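What follows is a set of notes on a single structure, which appears directly below.
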Amino acid sequence: MASFQRKGPKARVLSAEEEEKLQRDQALVSDFKQQKLEKEAQKNWDLFYKRNSTNFFKDRHWTTREFEELRSCREYEGQKLTMLEAGCGVGNCLFPLLEEDLNIFAYACDFSPRAVDYVKQNPLYNSERCKVFQCDLTRDDLLDHVPPESVDAVTLIFVLSAVHPEKMHLVLQNIYKVLKPGRSVLFRDYGLYDHAMLRFKAGSKLGENFYVRQDGTRSYFFTDEYLAQLFVNAGYEEMLNEYVFRETVNKKEGLCVPRVFLQSKFRKPQKDLDSATMGLCYQAGDFASP
Ligand SMILES: C[S@@+](CC[C@H](N)C(=O)[O-])C[C@H]1O[C@@H](n2cnc3c(N)ncnc32)[C@H](O)[C@@H]1O
């Protein structure tokens, strides 16, 4: 087994055979079934964790390596950081981060009550360093659990792809309220033409680049442009937005698995100094017309 990784700005180019397969499987799941899937999104993820317990995803130890931001946004060494793991699942990203960096306090949330319970039961869960809560990021206000503009970094790792495209902007708007100005959302998720996208059978397509798995959970495959538009429309600035291509080659079996991810960083703008000063000098109503 060998694994190669490279990063780049251009989407993956399909072979003629792959292109033909995608062209063939154009039929969409019926509206009725699509509405049912949306209504049952939370239930389907909760059942996923009932079936798989904490065994499905591997711990993600690459987060601090890949997201230098977690180190560099400190003004001095040892400075405490507050972060939010949005859509934390059972903590595969959360616990490695807490273990690797003792100066992090993390909020973490997920809409699956089972996932939240698994996080609480983890021996590494310590309420002095972590607060986990149940929250549907498309509907429940993060401000009910997290003070406004109090978070130094938000990780959004393989979560937005599970949200209906029409609701993705709600997640980004919700996160915006708790993020400090000048601080970023660290994003990694499925990219266009990832191996998983090409493996869906006919009858799994929900819309453009959007598919449903056998268990009812859904997955979107992002282009860099689509993601940038979503974040910019929600008020963020693009800092980094690139494809990660990873090829796992099994020489013995002659298999090559091309994975495509999108790894990105979007920042909430610094407060404009002038308007911040104006806010201190004037009271609401000072500019009301007579
Ligand atoms: C693939 S898992 C990723 C978990 C974790 N971030 C990690 O890196 O291991 C996707 C998670 O997103 C959660 N999720 C999906 N839609 C959500 C929503 N609207 N609000 C909150 N969590 C959601 C699911 O319950 C699931 O735990």
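The values are calculated or read from the model by the stated rules, or taken from the named source; none is laboratory data. None of the values given here were measured: they were computed from a predicted structure. Methodologically, a virtual Cβ is constructed for each residue, glycine included, from the backbone with ideal geometry; neighbour enumeration extends over all protein chains shown. With ligands, DNA and RNA removed, areas are computed over all heavy atoms of the protein, side chains included. Shrake-Rupley method; radii C 1.70, N 1.55, O 1.52, S 1.80 Å.
Which percentage, to the nearest 5, of the DSSP beta bridges contained in the chain is antiparallel?
60 percent
Let's see if you can work this out: charge +1 on each Lys and Arg Cβ, -1 on each Asp and Glu Cβ, no other charges. What is the dipole magnitude of the chain about its Cα centre, in debye to the nearest 20?
940 debye
Just by accessible area at a 1.4 angstrom probe, what is the order of Val132, Val13 from largest to smallest?
My answer, sorted largest first, is Val13, Val132.
What are the residues whose amide H is under 5 Å from the amide H of Arg183, where those residues sit 5 or more places off or on another chain and H is modelled from the backbone?
Residues meeting the criterion, in which the H sits 1.01 Å from N, are Lys268.
Counting only C-alpha contacts under 8 Å and six or more residues apart, can you give the relative contact order of the chain as a whole percent?
22 percent
First check a/c for the range 1-152, with a ≥ b ≥ c the square roots of the eigenvalues of its C-alpha gyration tensor; if it is under 1.5, answer rounded, and if not, answer prolate when a/b is larger than b/c or oblate otherwise.
Oblate shape, in that a/c is at least 1.5 and b/c is the bigger or equal ratio.
So what is the relative contact order of the range 31-180, in percent, for Cα pairs below 8 Å that sit 6 or more residues apart?
23 percent
To the nearest µm²/s, what D does Stokes-Einstein give for the chain at 20 °C and 1.002 mPa s, using the Kirkwood radius over alpha carbon pairs as Rh?
It diffuses with D of about 104 µm²/s by this estimate.
Taking R0 as 25 Å, what's the FRET efficiency between Val249 and Glu99 from their Cβ-Cβ distance, rounded to 0.05?
0.20
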